[in-house]
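In what follows, a single structure is set out as structure tokens and then discussed.
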Amino acid sequence: MNRINHRITLTAIAASLSYIPASAWAACTDVTGVSSSANSLSNCTATGSSYVNQSSTALGANSATLIVSNPVFAQSKNASTLSATANTSVNGSLVGSTLTIQNTSDISQTNGNTFTAAVHAMGQTPNATATINFLGDTQITAQGTDYVSGVASMGKSEINFNGNTTVSADSKSANGIQAYGVDYTQTTGGLVGGTINLNGANTTVTANGLGVKGLEAGYYDSKINASKTALTVQVNGDSSFGVRAHDNAHIILGENVNIQATGKEARGIQIGYFTFGDTSTITAGKGLTVNSTSHALSLSGGTGFNFDAANITSTEGAIFNADFSTSNATVALTNSTLQGATGIASSASNLNATITGGSFTVTAPDKVLLNVTSGKASTTFQNINLDGKILTNASLNSVNAVNNVTLNNANWNMTDDSVVTNLNNAGTINFQHLGKTLTVIGNYNGTAGSVISLETQLGDDNSPTDKIHVFGSTTGTTRLDVRNAGGTGAQTVNGINIVQVDGTSDANSFTMAAPVQAGTYEYTLKQGSTLDANDWYLTSQYTTKTPPTTTPTDPSNPANPTNPANPTNPTQSVVIDIYRPGIAAYAVAQTANADAAFTQMSTLHQRISDQRNTPTDQPQTWGRIIGAGQSNHGHDRFEYDQTTTGFQFGRDLLNKTNTAGQSQRAGVTVNY
């Protein structure tokens, strides 16, 4: 492969080139002169090695074809076509020109000036396209001081790569592959973006330096289409971007794309660049891999992301970030492996995000899953496990952030105090540490089957506990799974407040998932107390209504009787401690069991209904029917009622009396 230390440029500016007047053109079949040309409808072949000199120019007239077999600088004029069969650099193009590179190309630009590119296409007007086609494998290297690009398509232009392509760019703010728009309004009118198509089997792009971009599309519907190639992008440098589209531009990625971005504040994929109303998009097929130092996925404008089966990793930033310039965006990440120092960070005006399946892991010590600092975000976690906390920058008096969260068959292990705006729970929330609070600034709704598992040190009213605080109202139904954190049980008065509701709370908003016991006590869930009618409490007491214990006295006959008012059933409140079932059994079972045993066994003479005991007794057959009842009324404590019934039949097998007058008997008995 030959190396050409120049740059391919298809542009409307060609002041440095030597033009040959039309009068000097001649029809030809083969031309070997230093200055060669082709008339209209003619074909010419240039074979002279002198064409490597920039001052020597090969020109093609209208609809002519020029085939260049050695490296040359060539200019296309007036809708002509240039075809080069060897490594070629082209500098300059007029209206509607096309350059086709048929064989493999190895193109290098060293010491490039600011805003230059090794391969550059730019249309002169918005009405005709300047095109470069690479038919074979291509290797492009660009080096310089500032803003050097490997490949650049500007305005009304198109660059097509049909073979394996490798692009490397090294400079401050370098671009590996760039498609940019041009404003033609001051000349012929129109806003037109460039187009680059990567159609080869494999494409590798590398960019090194401060603020570099691997792939970048910007302005006026510029487009990079990499849907047909296996793309690898590697950027190295602070404030760099692996792939970026902004100002209404578009990038299309295929399957199994690999993007690596290293350096301080290096981002993997970004849509927008602090541009309000940006409609830019970046799409990708399955198997996208992004590894970045800073935010792996970033919105600074744009309409959002939709990635499936992706592997997204950020070592120091967020899995996904949306800044204040994002107006209305939708993010969908499905069946993906997501890992970042933080999860989702948003200050967007309106963001809708859905995370479905896969895994979602945050690695920083504070474990922030979702942080909405301003604007509005509505996030749904579906069929996924979460481990961390959720934050919202808001207060009761001045809400400047809305963070609506939906758990749909999701499991959230809440590691620290968390704040959301509205919470729709159709999953499970597990408090991980005692004394944490889940604050819901708006409303809470629990779908049937939802669970909140929290810790409480079961004791009196002041026991340490996890807590749910809802500023608004609660609806639906949620089971509360209370885990004892070392409490030994105690009497409560109002109870342990585990759910505080500042608004209204439906009667069935919360139920117990399982019995809660500590020491001798059992705790039940109660709505309301003397402190608040809507709060929910764990209590080891309950209040019952009973008739008064005093008996009213008979009234004396009044002198002038009147009809009395309708009487009411008098009651009084009785507070009863709730003991766990085992305590009652322990307290009364011994007496109940003894009574039952005595009833069944009794004495020998009771069983056989015989009071005789003489040496002349013969073996006997006996039977009896038994029945007994025992009652132990504990009033406000433990009580039981027990009834024993049955029958017994028996037969003596041995009946004898020894010389000392002692009777010995043995036999069998049947009891029911």
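The values are calculated or read from the model by the stated rules, or taken from the named source; none is laboratory data. Just so it is clear, the structure is predicted and the values come from calculations on it, not from any experiment. Counting neighbours? That spans all protein chains shown, and the Cβs are built from the backbone with ideal geometry, glycine included. For the accessible areas, the whole protein counts, side chains as well, though only heavy atoms, and no ligand, DNA or RNA atoms are used. Shrake-Rupley method; radii C 1.70, N 1.55, O 1.52, S 1.80 Å.
One chain, two ends: Ser663 and Thr315. Fully extended at 0.36 nm per residue, the span grows by 116.0 nm beyond their Cα-Cα distance. Annotation: amide H-H contacts under 5 Å for Val516 (H modelled 1.01 Å from N, sequence separation of 5 or more, or interchain): Tyr523. Subtracting the Cα-Cα distance of Asn400 and Phe324 from their residue separation scaled by 0.36 nm leaves 26.1 nm. Computing FRET efficiency as 1/(1 + (r/R0)^6) for Thr437 and Glu639, where r is the C-beta to C-beta distance and R0 is 45 Å, gives about 0.60. When each of the peptides 172-179, 620-627, 472-479, 665-672 is scored by how many other beta carbons lie within 10 Å of its residues on average, the order from highest to lowest is 172-179, 472-479, 620-627, 665-672.
Rg over Rh for region 425-467 works out to 1.02, both radii taken from alpha-carbon positions and Rh defined as the Kirkwood radius. Over the heavy atoms of Glu522, what accessible area does a 1.4 Å probe trace out, to the nearest 10 Å²? Accessible area, nearest 10 Å²: 40 Å². Suppose R0 equals 51 Å; then what is the FRET efficiency for Asp502 and Thr145 from their Cβ-Cβ distance, rounded to the nearest 0.05? My answer for the efficiency is 0.25.
For Ser359, nonlocal amide neighbours, meaning residues 5 or more places apart or on other chains whose placed amide H falls under 5 Å from its own, are Ser336, Thr337, Leu338. Length gained on full extension, Ser631 to Asn111, computed as 0.36 nm times the residue gap minus the Cα-Cα distance: 176.7 nm. Between Arg624 and Lys656, the FRET efficiency from the beta-carbon distance, with R0 = 25 Å, is close to 0.60. The phi torsions of region 493-508, fed into the Karplus equation with coefficients 6.51, -1.76 and 1.60 and a -60° offset, translate into couplings of 10, 8, x, 8, 6, 9, 10, 9, 10, 7, x, 9, 10, 4, 4, 10 Hz, rounded to whole numbers, with Gly and Pro shown as x. By the rule of a C-alpha distance below 17 Å, with chain neighbours fewer than 8 residues away ignored, the aspartates and glutamates paired with Lys656 are Asp610, Asp617. Ranked by the mean number of other Cβ atoms within 10 Å of their residues, highest first, the peptides 211-221, 436-446 come out as 211-221, 436-446.
When the listed pairs Lys376/Lys467; Lys156/Lys228; Lys172/Lys223; Lys264/Lys436; Lys436/Lys526 are checked against a 27 Å cut-off, the alpha-carbon distance exceeds it for Lys264/Lys436. Taking the protein heavy atoms of region 478-538 in the context of the full set of protein chains, the accessible area attributed to carbon and sulfur is 48 percent at 1.4 Å. Residues of region 163-184 with an amide N closer than 13 Å to a point placed 7 Å from the Cα of Ala201 along the Cα-to-Cβ direction: 163-165. Tell me which aspartates and glutamates have Cα within less than 19 Å of Lys367's Cα, excluding those fewer than 8 residues away on the same chain? Cα-Cα hits under 19 Å: Glu316, Asp387, Asp416, Asp417, Asp466.
3J(HN,Hα) along region 407-424: 9, 10, 6, 10, 10, 10, 8, 7, 8, 7, 3, 9, 9, 10, 8, 10, 10, 10 Hz, from the Karplus curve 6.51 cos²θ - 1.76 cosθ + 1.60 with θ = phi - 60°, whole Hz, x for Gly and Pro.
Listed values for region 359-367 are Karplus-derived 3J(HN,Hα) couplings in whole Hz (6.51 cos²θ - 1.76 cosθ + 1.60, θ = phi - 60°), namely 9, 9, 10, 10, 10, 5, x, 7, 6, and x replaces Gly and Pro.
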